[in-house]
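What follows is one structure encoded as structure tokens, with my remarks underneath.
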Amino acid sequence: MATTQQRMPASSSVDRATSARRPLGRRGDARAAALMITPALALFILFLLVPIVLAFALAFTNARLISPNPPEFIGFDNFSLLLTDPVFWASVRNTFYFAVVVVPVQAGLALFLAVLVNTKVKGAQFFRTVYFLPVVTSMVVVSLLWRFMYEPDGLINRLLQAITFDRFTPIDWLNEPAWAMPAIMFISVWQGVGFTMIIWLAGLQTIPVELYEASELDGAGRWQQFRFVTWPGLTQTRTFILVTITIAAFSLFTQINLMTQGGPLDSTTTVVFQAVRSGYQQLQTGYASAISLVFFVMVLTVSLIQRYLTREKG
């Protein structure tokens with residue numbers, strides 16, 4: 001008993017010392033966390049929050065990129081001009097046209113390819129690599145390459161002539177209003193389908209194999225397995241893919257800028273391209289900011305609608 005009583009004070013002093021060091025350790029961890037997050041937070045504020053605030057503010061001014069006069073507040077004049085601008089409405093139609101076609105086609109084709117390569121057969125890894133190769137190629141390089149292929153004497157026309165034994169009449173794909181946007185849609189799907197396939201593939205591999213085995217024992221065929229096992233198991237993946245592809249489709253710019261410059265006859269002008277052209281070529285910073293603000297609201301609305309329609313209903 002005496003020995004025990006003598007040791008108790010020593011134990012209590014150790015506990016007090018440990019508890020005294022804990023706040024210091026926690027404060028040190030907080031400082032370290034703050035130091036680690038500061039660069040990312042600074043970049044986030046500098047390249048995201050500041051441009052958004054500036055775009056919102058400049059949208060209500062007559063600011064120009066190069067002008068000796070300071071910007072003046074003009075209220076909703078830029079937005080009123082948008083409502084009467086035929087080029088803006090053409091860009092909105094073209095943007096929605098591109099998104100409505102590319103989003104389901106790219107998502108559907110990528111899902112089909114993902115199901116094909118999601119097998120343990122010889123050569124599946126090779127095809128995964130082949131389908132993904134266009135993704136690692138810069139869109140700038142892809143646009144320049146396909147621009148030459150779309151020439152009247154380019155590879156596409158020559159190939160179609162060879163297949164049809166010279167019965168096909170060459171088309172100037174990028175200078176025909178009816179064909180310019182479909183041509184851009186084709187290369188956009190070709191370049192992006194591999195990345196979407198990888199996301200679908202990741203979702204497919206999260207579905208338990210036991211569900212397929214159980215459905216097979218119940219006599220389910222391939223289509224029934226896909227309908228009642230695969231498709232419900234891809235709910236979260238499906239939502240992510242639809243939202244990301246839609247945002248990318250609405251942000252169409254690189255292909256337009258390098259291949260058509262919005263032509264012919266504004267048949268390929270998009271909202272983002274018009275905003276950039278208005279701001280940097282026509283030097284109308286305030287008007288370009290108004291277009292950007294409308295674009296932000298448009299994409300946010302479409303994304304929220306998609307998220308609502310694809311939500312899990314419990």
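Kindly provide the set of residues from the range 273-311 that are within 26 Å of Leu145 (Cα to Cα) and in contact (Cβ under 8 Å) with a residue 24 or more places away in the chain, ordered by number.
The answer is Phe273, Gln274, Tyr280.
Only one residue in Ala32, Ala55 is open to solvent by less than 90 Å² (accessible area, probe 1.4 Å), more than 23 Å from Phe273 (Cβ to Cβ) and not in a loop (DSSP other than H, G, I, E, B), so which one is that?
Ala32
Please work out which residue is most open to solvent (accessible area, probe 1.4 Å), limiting yourself to the range 150-168 and to residues that are in a loop (DSSP other than H, G, I, E, B) and within 22 Å of Thr260 (Cα to Cα).
Asp153
Only one of these conditions is not met by Arg128: (1) touching a helix residue (DSSP H, G or I) at 6+ places or on another chain (Cβ under 8 Å); (2) modelled with pLDDT of 85 or more. Which number is it?
(2)
Which residues, taken from the range 221-241, are buried (at least 16 other Cβ atoms within 10 Å of the Cβ) and in contact with a Lys or Arg (Cβ under 9 Å, 6 or more places away or on another chain)?
Thr239, the sole residue that qualifies.
Conditions tested, residue by residue: (1) hydroxyl-bearing (Ser, Thr, Tyr); (2) in contact with a His (Cβ under 6 Å, 6 or more places away or on another chain); (3) over 17 Å from Ile184 (Cα atoms); (4) in a helix (DSSP H, G or I).
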residue	(1), (2), (3), (4)
Ala248	no, no, no, yes
Pro264	no, no, no, no
Thr269	yes, no, no, no
Ser289	yes, no, yes, yes
Leu293	no, no, yes, yes
Phe296	no, no, yes, yes
Ser303	yes, no, yes, yes
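Tell me yes or no: at least one residue of the range 84-92 is within 30 Å of Leu293 (Cβ to Cβ), open to solvent by 50 Å² or more (accessible area, probe 1.4 Å) and either modelled with pLDDT under 90 or not in a helix (DSSP H, G or I) (or both).
Scanning the range 84-92 turns up at least one residue that is within 30 Å of Leu293 (Cβ to Cβ), open to solvent by 50 Å² or more (accessible area, probe 1.4 Å) and either modelled with pLDDT under 90 or not in a helix (DSSP H, G or I) (or both).
The values are calculated or read from the model by the stated rules, or taken from the named source; none is laboratory data. Everything numeric here is computed off the predicted structure, so don't read it as measured data. A quick note on method: Cβ atoms are made from the backbone with ideal geometry, for glycine too, and the neighbour counts reach across all protein chains shown. Surface areas here come from the heavy atoms of the whole protein model, side chains and all, with no ligands, DNA or RNA. Shrake-Rupley method; radii C 1.70, N 1.55, O 1.52, S 1.80 Å.
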